[in-house]
Every structure is written in C-alpha cells, then in structure tokens.
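The values are calculated or read from the model by the stated rules, or taken from the named source; none is laboratory data. All values reported here derive from a predicted model rather than from experimental measurement. Note that we place each Cβ from the backbone using ideal geometry, even for glycine, and neighbour counts take in every protein chain shown. SASA here: full protein model, heavy atoms, side chains in, ligands and nucleic acids out. Shrake-Rupley method; radii C 1.70, N 1.55, O 1.52, S 1.80 Å.
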Amino acid sequence: MTLGRKLVKLITAVIKPFKLEDVRDALSANGIQGMTVTEVKGFGRQKGHTELYRGAEYVVDFLPKIKLEIAVDDSQLDETLEIVKVAANSDSIGDGKIFVSDLIEVVRIRTGETGKDAL
C-alpha cells in the first residue's frame with residue numbers, strides 16, 4: 001500500500017574506489033542524475049588481506065570502498081541496477097554489493113516537492 005505516494009527506491013551500492021567514475025559516467029549517460037558518495041571501509045568474504053610495509057607483514061582487515069546512494073523512481077530501478085552492476089564489475093573478488101530499499105518519502109527542501117518529483 002502506497003498511501004497515495006509514488007514509489008521511490010534507494011539503491012545503496014558498495015564498490016571498489018577505482019570504479020566510481022565508471023559508474024557515474026554510465027549513470028549520467030543514461031539520464032540518471034544525482035547520487036551521494038561516501039568513502040567507507042569494510043570487508044566481505046575476502047576478509048581483508050596482508051601487506052608488507054618496511055619489512056613487516058600486517059593484516060588489513062578493512063579495505064577502502066565507496067558507498068553510493070542513488071534515489072530513483074520505481075520505474076528506473078531495473079535499468080539503474082543493471083547500469084551499476086555492469087559499470088562496477090571488474091571480474092575480481094571484492095567488486096561489492098548492491099542493496100535496494102523502499103523510501104517512504106522524499107522531500108526537496110528548497111521547493112517542498114515530494115516523491116519522484118523531488119528527485
């Protein structure tokens with residue numbers, strides 16, 4: 001039940017830092033505008049890695065990642081997911097994950113527009 005509101009989705013993608021520009025360019029080329037980018041650290045199945053620094057080996061548990069948050073109209077969800085999936089793929093372990101959640105409401109502060117009109 002949408003209570004008269006238009007459906008908006010939040011796509012949260014955690015990707016490798018060097019893929020950020022590829023994802024941004026691919027989204028822009030397909031008319032999808034606006035995202036929030038955060039530098040984060042984390043690990044998944046790879047559980048970090050070991051590095052050698054000045055002759056000493058140490059474990060890096062948390063790897064640098066980029067978290068993207070993209071709000072889209074429900075009708076753009078599948079297209080946006082595919083664009084992010086293809087652009088962020090490097091065919092190697094640690095490429096990241098994409099999460100999708102419902103947004104109950106979106107409000108553009110300046111104009112008061114709501115729902116997909118606020119995007």
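The residue that is farthest from VAL107 (Cα to Cα), counting only those in the stretch 65-77 that are open to solvent by 20 Å² or more (accessible area, probe 1.4 Å) and within 14 Å of the chain's Cα centre (by Cα), is LYS65.
The strands (runs of 3 or more DSSP E) located wholly in the stretch 1-118 that include 3 or more residues which are modelled with pLDDT of 95 or more occupy 8-15, 36-42, 63-73, 96-103. Here GLY115 fulfils each of the conditions (1) of a type outside the set (Val, Ile, Thr); (2) more than 20 Å from LEU7 (Cβ to Cβ); (3) more than 19 Å from the chain's Cα centre (by Cα) apart from (2). The residues in the stretch 16-46 that are over 27 Å from ARG108 (Cα atoms) and either surrounded by 14 or more Cβ atoms within 10 Å (Cβ to Cβ) or acidic (Asp, Glu) (or both) can be counted, and the count is 6. Picking from residues in the stretch 78-116 that are free of Cβ contacts under 8 Å to residues at least 40 places away in the same chain and of a type in the set (Asp, Glu), the one that is most open to solvent (accessible area, probe 1.4 Å) is ASP91.
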